[in-house]
Amino acid sequence: MQAGIKTSPYAQWLAYCENGELAYQFCPDDGQAVFYPRVIAPGSGSTNLEWRISAGQGTVYASTAVMQRDEEPYNVAVIQLDEGFRMLSTVEGIDARDVQIGLRVMVRFRRANCDGAPYPVFHPTGVAA
């Protein structure tokens with residue numbers, strides 16, 4: 001990035017995703033992880049946010065299977081990352097109806113199509129905690 005040119009927090013997050021990294025922000029003023037990408041920390045109102053890279057490991061915090069006529073169900077889940085933030089995603093590699101709260105998961109990146117931006121999805125790493 002050229003000096004003096006700023007990009008949005010979302011654009012910066014997408015750049016990390018392009019590199020296969022699950023990034024989040026951290027506010028040293030209140031010691032809180034911040035996700036989704038923002039310009040101001042929601043707890044403190046501080047603009048002093050720094051980028052960090054998640055190890056990509058977490059636990060299913062909440063889960064639902066979405067059923068559609070004539071299609072396989074898919075999962076929508078809230079993932080509690082080990083660094084202290086939650087994100088909405090999906091758990092793949094397991095039947096949507098079998099995703100349970102407490103299941104340990106690991107991030108992977110997927111593209112909607114060859115031109116699309118990568119986005120994080122999760123895969124089980126073991127049994128429920």
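The values are calculated or read from the model by the stated rules, or taken from the named source; none is laboratory data. The structure presented is a predicted model; accordingly, all values stated were derived computationally and were not measured. Please note that ligands, DNA and RNA were not included when accessible areas were found on the heavy atoms of the full protein model with its side chains. Shrake-Rupley method; radii C 1.70, N 1.55, O 1.52, S 1.80 Å.
List of remarks:
- Principal axes of region 24-129: Cα extent on each, largest first, Å: 48, 37, 22
- Segment TYR36-THR125, extension gain: residue separation times 0.36 nm, minus the distance between their alpha carbons: 29.6 nm
- Entry comment: accessible area of region 1-61 is 59 Å² per residue, from protein heavy atoms only and a probe of 1.4 Å.
- Rolling a 1.4 Å probe over the protein heavy atoms leaves CYS114 with an accessible area of roughly 120 Å².
- Once the Cα atoms are used to define both axes, helix 9-18 deviates from the longest principal axis of the chain by about 60 degrees.
- Heavy-atom accessible surface of the chain: percent carbon and sulfur, 1.4 Å: 49 percent
- Accessible area of VAL99 in the full protein assembly, 1.4 Å probe (Å², nearest 10): 10 Å²
- Multiplying the residue separation of ALA112 and ASP29 by 0.36 nm and removing their Cα-Cα distance gives an extension gain of 26.2 nm.
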